[in-house]
Amino acid sequence: MTRAPAVAGARAGGMRPRPRGLPADMKIAVIGTGRIGGTLGGKWRAAGHDVVYGSRNAPGSGPGGAPAVGVGEAIALADVVVLAVPGEAAADVIGANGSALQGKVVIDAANRMGRPELNTKAAVKAAAPGARYVRAFNTLGWENFADPVPSAALFFAADPPARQVAEELIAAVGLEPIFVGDADAAGTVDGVLPLWIALVKQHGGDRRLALRVVR
């Protein structure tokens with residue numbers, strides 16, 4: 001049986017209501033067509049959002065039949081940009097597209113494993129100071145996005161103007177958004193990853209293991 005350990009507590013979970021005032025058809029560029037990007041993009045398309053994939057192999061079709069175009073074109077078309085590429089590739093994507101990222105919500109789902117900082121917040125802020133940064137979708141395996149454990153939590157950090165967008169997109173995947181602070185709390189979010197990895201190892205490699213906050 002899949003387990004969802006309690007983290008803190010006193011209220012059995014339930015999904016947050018959809019934040020008010022958000023467009024039902026956000027334009028989302030998912031940079032990367034692997035399991036994480038493909039799974040997230042599919043969930044957001046099912047929720048009514050306009051998803052395009054940014055890929056080095058474009059043009060063509062991405063996961064689920066969504067269009068795939070060049071990375072720069074995908075970013076230019078989007079309101080929200082999701083970095084779902086290998087950690088070492090994220091900085092190259094950011095550096096090459098800094099001006100295009102200005103003013104957009106940038107969701108950093110990449111992990112730079114083995115680096116002092118797992119996230120690419122510093123690179124985003126340097127290349128695109130006007131971007132609205134979110135750290136999310138980096139602390140659970142893609143299996144939790146494809147088939148979430150009921151009431152499972154996803155911890156995230158976000159610049160204040162991007163918080164509602166992040167909550168909407170996390171909820172659309174089927175997870176409960178748990179805000180831990182503004183962009184400077186990205187490192188706090190990153191601390192959940194080694195905990196999740198350790199718990200997966202202790203439970204026989206079950207990658208659908210998730211965390212639940214009890215209030």
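Here, each number is a calculation from the coordinates, and none is a lab measurement. Computed from a prediction, not measured in an experiment: that's the story for all the values here. For neighbour counting, all protein chains shown are included, and Cβ atoms are generated from backbone atoms with ideal geometry for every residue, glycine included.
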Amide H proximity to D79 below 5 Å, modelled H, separation 5+ or other chain, gives K27, I28, A29
Once the other residues with Cβ under 12 Å from the Cβ of W142 are scored (Lys, Arg +1; Asp, Glu -1), what is the net sum?
-> +2
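Report the extension gain between R215 and A89 in nm, rounded to one decimal, defined as 0.36 nm multiplied by the number of residues separating them, less their alpha carbon distance.
On the way: separation 126, 0.36 × 126 = 45.36 nm, distance 3.81 nm.
Residue separation times 0.36 nm, minus the Cα-Cα distance, leaves 41.6 nm.
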Of A166, V69, G181, whose Cα points farthest to the positive end of the dipole of region 27-202 (charges on the beta-carbon: +1 Lys, Arg; -1 Asp, Glu; origin at the Cα centre)?
-> V69
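How big is the antiparallel share of DSSP beta bridges in region 27-202, given as a percent to the nearest 5?
Values: 4 of 28 bridges.
About 15 percent, rounded to the nearest 5.
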Mind telling me which of V71, V105, V200 comes out most flexible in a GNM of the chain, alpha-carbon contacts under 10 Å?
-> V200
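With 23 Å as the cut-off, how large is the P(r) tail for region 27-202, expressed as percent of Cα-Cα pairs?
Values: 4977 of 15400 pairs.
Value for region 27-202: 32 percent of Cα pairs lie more than 23 Å apart.
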Using θ = phi - 60° and the Karplus relation 6.51 cos²θ - 1.76 cosθ + 1.60, list the HN-Hα couplings for region 194-208 in order, rounded to whole Hz, with x at every Gly or Pro.
-> x, 5, 4, 4, 5, 5, 4, 4, 6, 10, x, x, 6, 6, 8
Once the in-chain neighbours fewer than 8 apart are removed, the aspartates and glutamates whose Cα is under 15 Å from K125 read D92, D108, E117, D159, D182, D184
With point charges of +1 on the Cβ of Lys and Arg and -1 on the Cβ of Asp and Glu, referenced to the Cα centre of region 27-202, which listed residue (F155, G60, I107) lies farthest in the positive direction of the dipole?
-> G60
Dipole magnitude of region 27-202 about its Cα centre (Cβ charges: Lys, Arg +1; Asp, Glu -1), debye to nearest 20 | 220
Working note, region 94-150: Cα radius of gyration (Å, one decimal) and Dmax (Å, whole number) are 13.2, 39
Once phi is turned into θ = phi - 60°, what whole-Hz ³J(HN,Hα) does the Karplus curve with 6.51, -1.76 and 1.60 give for every residue of region 146-151, x standing for Gly and Pro?
-> 6, 8, x, 5, x, 6
